[in-house]
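Data first, discussion second: the structure below is written as structure tokens.
Just so it is clear, none of the values below were taken in a lab; they were calculated from the coordinates. This structure is a prediction, so every number in the text was calculated from the model and none was measured. Cβ atoms come from the backbone with ideal geometry, glycine included; neighbour counts cover every protein chain shown.
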Amino acid sequence: MAIITSIINISTRGMCDVHDITPQVDKILRDAGLDSGIICVFVPGSTAGITSIEYEPGMVNDLKKAIERLAPSDMPYDHDARWGDGNGFSHVRASLMGASFSIPFSGKKMLLGTWQQVVLVDFDNRPRRREVVIQVHGE
């Protein structure tokens, strides 16, 4: 059993900025040289999330609209009253999405569905430089 940890860095615009990171995760898996196991994709911080979607413009827009309905950016949040940074909505959104996503792999390939990509979503209210931790567990 081997565990390989890699980091990818992504510049984001914030405000529900969605990035397809599937190619970077796939490259890390290929470079790891492992045949089967699981990949954990994790974003440190409390204002971004990781999930999977069909990464195409319509679905990206649908996701953004759904997130806005769940945790509107234009309402008061207690976090904002305490800290004054105006990003309470981003913390709520990130907690709903989650900070990590796991993908099984076999035959040196991720077992994603045909139209399934791994995405980073930055919910913060400003541009950020995000680190994404990719950990490959396998043999």
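Couple of notes before you dig in:
- Helix axis angle, 88-97 relative to the chain longest principal axis, alpha carbon, degrees: 30 degrees
- For the stretch 1-78 versus the stretch 91-119, the inter-centroid distance based on Cα atoms is 7 Å.
- Per the Debye formula on identical point scatterers at the alpha carbon atoms of the chain, with no solvent, log10 I(q)/I(0) at q = 0.12, 0.18 Å⁻¹ is -0.49, -0.97.
- Under 19 Å from the E54 label point (7 Å along Cα→beta-carbon), backbone N, the stretch 96-122: 111-120
- For the chain, the relative contact order works out to 55 percent when only alpha carbon pairs closer than 8 Å and six or more residues apart are counted.
- Label positions at R129 and S100, each projected 7 Å from the Cα along the C-beta direction, are separated by 2.5 nm.
- Computed [θ] at 222 nm, deg cm²/dmol, the chain (DSSP H ≥ 4; -39,500 (n - 2.57); rounded to nearest 500): -8500 deg cm²/dmol
- Straight-distance crosslink candidates among lysines, where the alpha carbon sits under 23 Å from K109 and sequence neighbours closer than 8 are dropped: K27
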